[in-house]
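The values are calculated or read from the model by the stated rules, or taken from the named source; none is laboratory data. Note that the structure is a prediction, hence the values are computed from the model and not measured. Note that we place each Cβ from the backbone using ideal geometry, even for glycine, and neighbour counts take in every protein chain shown. These accessible areas exclude ligands, DNA and RNA; they are computed on the full protein's heavy atoms, side chains included. Shrake-Rupley method; radii C 1.70, N 1.55, O 1.52, S 1.80 Å.
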Amino acid sequence: MLMRELIEKKRDGGELSREEICWMTEGYTRGSIPDYQMSAMLMAIYFRGMTEDETLALTMAMMHSGGVIDLGAVHGIKADKHSTGGVGDKTSLALCPMMAAQGVKMAKLSGRGLGHTGGTIDKLESFSGLSTSMSMDKFFRDVNEVGFAIAGQTADIVPADKKLYALRDVTGTVPSRPLIVSSIMSKKLAAGADIIVLDVKTGSGAFMKTEEDSFALARDMVSIGRLAGKKTAAVVTDMDQPLGHAVGNALEVKEAVAVLKGEQGGDLLELCLALGGCIMQLAGLAQSEDEAREKLLECIENGSALERLADYVEAQGGSRGDVYDTSRLPLAPVQLEVKATCGGWVSAIDAQEVGNICLRLGGGRAEKDSEIDLSVGVVLRLKAGEAVKAGETIAVVHASDLAGAEEAASSLAAACSFSDSPVERRELIRGVVK
Ligand code: URA
């Protein structure tokens, strides 16, 4: 086969065969196909799209480009959850223990934060002593004994995606649906769970800015998951403002723990109930959304979900006491309140900008290997649609010094918009694709 011929075929709107896609993916991963040819192919895919058969072939070829996790050693129902990325998204920290308390095993491979969105692995490292790098044996043992484990993504899982994603990033080909679907689903399939639930974000802080594009992505991912033999569902959720109240590593851990203690409701809890409800229905553990919701709320009320988190933290080398007393987690030396300059209603909170403020405070990575400050970030007191009085505290900035706090406070005030008439609250759950 010649790569030039495959590029021409796709450029002219043709359909690539499974063999051609496998050959191209393998060749690019091994280095026999150069970046310049793969760049041309990615751009041809960007403009011409891919059929479902092509997307499935690319997903499977990428999945098999490296090691695939066999969860055969894990007993019971195995589920995985993936979010397309958002600001303040600490859902996995609360959802995994909730699912473990229901008897569903969660074996999660997660990433670190890059740019304006955070990563679960960084957040977990707010627990002193906790390590997310472990042998596969320990990973399986923890999933069996604790009910869930979260480990850092290993280098040999879907190496094709590492190369392709980096190339897409510099060739303007990230926002292509078949390329996003194959990138996400190849990693989910390689992680080996029987049930996959996807949280597809929509809005200004998301990858997909419109609901139409988000639903299309959700539908495509669900059908590829099903064709690959997995029980798959997707929930399309709002990312026009940060999820929950906290943005910043340790601050987000504290918020997830507050949900597990039953101290905080709102959008974060609702999202956990929606995603957890999908998993329970796919697992046959609940016949309806209401039944799933009742069971999930029960594991918060009886403390079993919180206990699963403490078990996990202890199993990974941290102290379970930190879960019950989160004042022991990193705390920034400076806290500065941001006040509303006028009264009215909060009309918008720019999620991407809040993520960037956290990044500038030192809580995120501008580059892959930057050091991060786990203690810094922002706690928003209000959500879009809520009424506000002049002089009321709208947010608290947590910073390592006063100059940084002041700069963040003024950027944060600019990231919030106000209206002098009531504003409709945005629906968190836009729909479920099953
Ligand atoms: N997340 C991924 O892992 N891949 C994409 O292409 C987009 C989001």
Residue 173 is checked against (1) over 20 Å from the mean Cα position of the chain (by Cα); (2) within 10 Å of the ligand (Cβ to nearest atom); (3) in a helix (DSSP H, G or I) and fails just one. What number does that condition carry? (3)
Suppose we filter 161, 142, 122 for residues that are within 16 Å of the ligand (Cβ to nearest atom), on the phi < 0 side of the Ramachandran plot and either surrounded by fewer than 22 Cβ atoms within 10 Å (Cβ to Cβ) or in a helix (DSSP H, G or I) (or both); which single one remains? 161
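Mind counting the residues in the stretch 82-94 that are closer than 21 Å to residue 157 by Cβ and touching a strand residue (DSSP E or B) at 6+ places or on another chain (Cβ under 6 Å)? Can you show your working first?
Of the stretch 82-94, the ones closer than 21 Å to residue 157 by Cβ are 82-85, 92.
In the following step, the residues that additionally are touching a strand residue (DSSP E or B) at 6+ places or on another chain (Cβ under 6 Å) were identified as 82-85.
Residues in the stretch 82-94 being closer than 21 Å to residue 157 by Cβ and touching a strand residue (DSSP E or B) at 6+ places or on another chain (Cβ under 6 Å): 4 in total.
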Which condition does residue 370 not pass, out of (1) within 24 Å of residue 149 (Cα to Cα); (2) open to solvent by 10 Å² or more (accessible area, probe 1.4 Å); (3) under 22 Å from the mean Cα position of the chain (by Cα), if it passes all the others? (1)
When residue 13 is run through (1) open to solvent by 30 Å² or more (accessible area, probe 1.4 Å); (2) farther than 30 Å from residue 308 by Cβ; (3) in contact with a Lys or Arg (Cβ under 7 Å, 6 or more places away or on another chain); (4) in contact (Cβ under 8 Å) with a residue 40 or more places away in the chain, the failure sits at (4)
Near pairs, Cβ below 6 angstrom, 6+ apart or cross-chain, from the stretch 157-184 (over 22 Å from residue 228 (Cα atoms)) to any residue that is near the ligand (Cβ under 9 Å from one of its atoms) and assigned to a loop (DSSP other than H, G, I, E, B): 168/174
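Per-residue answers, yes or no, for (1) open to solvent by less than 10 Å² (accessible area, probe 1.4 Å); (2) touching a residue at least 60 places away in the same chain (Cβ under 8 Å); (3) closer than 17 Å to residue 253 by Cα:
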residue	(1), (2), (3)
265	no, no, yes
280	yes, yes, no
290	no, no, no
311	no, yes, yes
350	no, yes, no
Kindly list, by first and then second residue, each pair from a residue in the stretch 201-225 that is without any contact (Cβ under 8 Å) to a residue 60 or more places away in the chain to a residue that is of a type in the set (Lys, Arg), limited to pairs with Cβ atoms under 7 Å and residues at least 6 apart or on different chains. 216/177
